[in-house]
Amino acid sequence: MIVAFLLLGGFVGVMAGLLGIGGGGIMVPVLTSLFIYQGVDNDMVVHLALGTSMASMVVTAFSSLRSHHAKRGVLWRVVKAMLPGVLLGAFAAAFIASLLSTVFLAVFFAAFMLFVSIQMFSNKKPKSDKGLPSKARLFLVGGGIGSISSLVSIGGGSLMVPYFVWRNVDIKQAIGSSSAVGFFISMAGTMGYLISGWQSTHEEAFVMGYIYWPAVLLISVVSFFTAPLGVKLAYRIPVANLKKIFGLLLFILSIKMLVSVL
């Protein structure tokens with residue numbers, strides 16, 4: 001289990017830096033399978049995977065954010081405008097997730113990841129709009145993306161990057177700004193899953209809220225060092241083919257999680 005968590009952390013760290021996606025699409029199905037193997041109650045296995053994934057993304061997202069900021073790849077004025085909505089949406093969605101059944105969460109996650117994988121595999125680029133909208137609209141967009149991201153425990157990049165590109169933002173700045181937003185989504189989502197799951201898990205060993213802390217520690221330690229590697233690769237190699245491969249992997253893992261839960 002220790003080796004599995006370390007390998008998972010290394011992989012999601014690279015993906016977070018390279019594609020700005022946070023790694024939740026990989027972590028949730030893998031953690032679900034690992035927790036089932038450990039004998040976690042089926043009624044809370046997906047909740048625990050979502051919360052643990054979200055907490056693990058805090059360090060990964062911060063490392064990715066720092067690297068993109070060093071390369072001046074973050075549009076901070078845009079991030080600041082979206083931040084209140086992002087925090088509110090991500091925090092509230094974690095409480096909504098605690099009220100939903102394991103099967104519903106698994107189906108919702110699989111359906112969303114199917115959408116993401118199709119988007120990545122087709123590599124469709126939205127037509128550019130005139131530019132970024134007002135602060136009020138950025139607040140609303142942040143709230144929507146924060147809510148969905150927290151509900152499926154992703155950094156928001158699969159929604160944020162296409163949105164920024166649609167708004168005529170350079171792709172590298174879109175990925176960098178998405179990484180910054182993803183850090184705040186992971187912070188707010190972690191607090192939400194920690195508080196909402198407190199009563200359900202307070203007697204479980206090494207579990208606080210819907211977060212399994214040994215996994216968080218092991219994943220975070222490795223991903224902190226591998227996320228900057230992903231950022232370097234993002235500025236050096238074309239990622240179109242890699243996105244197709246990653247999209248296919250997301251689809252396979254999501255279906256596997258769905259089958260395991262059902």
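When region 187-204 is limited to residues that are at pLDDT below 90 and either of a type in the set (Ser, Thr, Tyr) or surrounded by fewer than 24 Cβ atoms within 10 Å (Cβ to Cβ) (or both), the one that is farthest from Gly157 (Cα to Cα) turns out to be Glu203.
Within region 32-39, is there a residue that is surrounded by 24 or more Cβ atoms within 10 Å (Cβ to Cβ), over 18 Å from Ile252 (Cβ atoms) and of a type outside the set (Val, Ile, Thr)? No, because not a single residue in region 32-39 is surrounded by 24 or more Cβ atoms within 10 Å (Cβ to Cβ), over 18 Å from Ile252 (Cβ atoms) and of a type outside the set (Val, Ile, Thr).
Filtered by the rule that a residue be of a type in the set (Gly, Ala, Ser), crowded, with 19+ Cβ neighbours inside 10 Å and over 13 Å from the mean Cα position of the chain (by Cα), region 50-80 gives Ser63, Ser67, Gly73. Within region 148-166, the set of residues being open to solvent by 40 Å² or more (accessible area, probe 1.4 Å) and either modelled with pLDDT under 85 or polar (S, T, N, Q) (or both) comprises Trp166 only. All conditions but one from (1) over 22 Å from Ala55 (Cα atoms); (2) in contact (Cβ under 8 Å) with a residue 60 or more places away in the chain; (3) of a type in the set (S, T, N, Q) apply to Ser179; the one that does not is (1). The set of residues in region 232-252 that are at pLDDT 75 or above and buried (at least 18 other Cβ atoms within 10 Å of the Cβ) contains only Phe251.
The values are calculated or read from the model by the stated rules, or taken from the named source; none is laboratory data. What you are looking at is a predicted structure, and each value in this text was computed from that prediction instead of being measured. No Cβ is skipped: glycine too gets one built from the backbone with ideal geometry, and neighbour counts run over all protein chains shown. Just the protein is used for accessible areas: all its heavy atoms, side chains included, with ligands, DNA and RNA removed. Shrake-Rupley method; radii C 1.70, N 1.55, O 1.52, S 1.80 Å.
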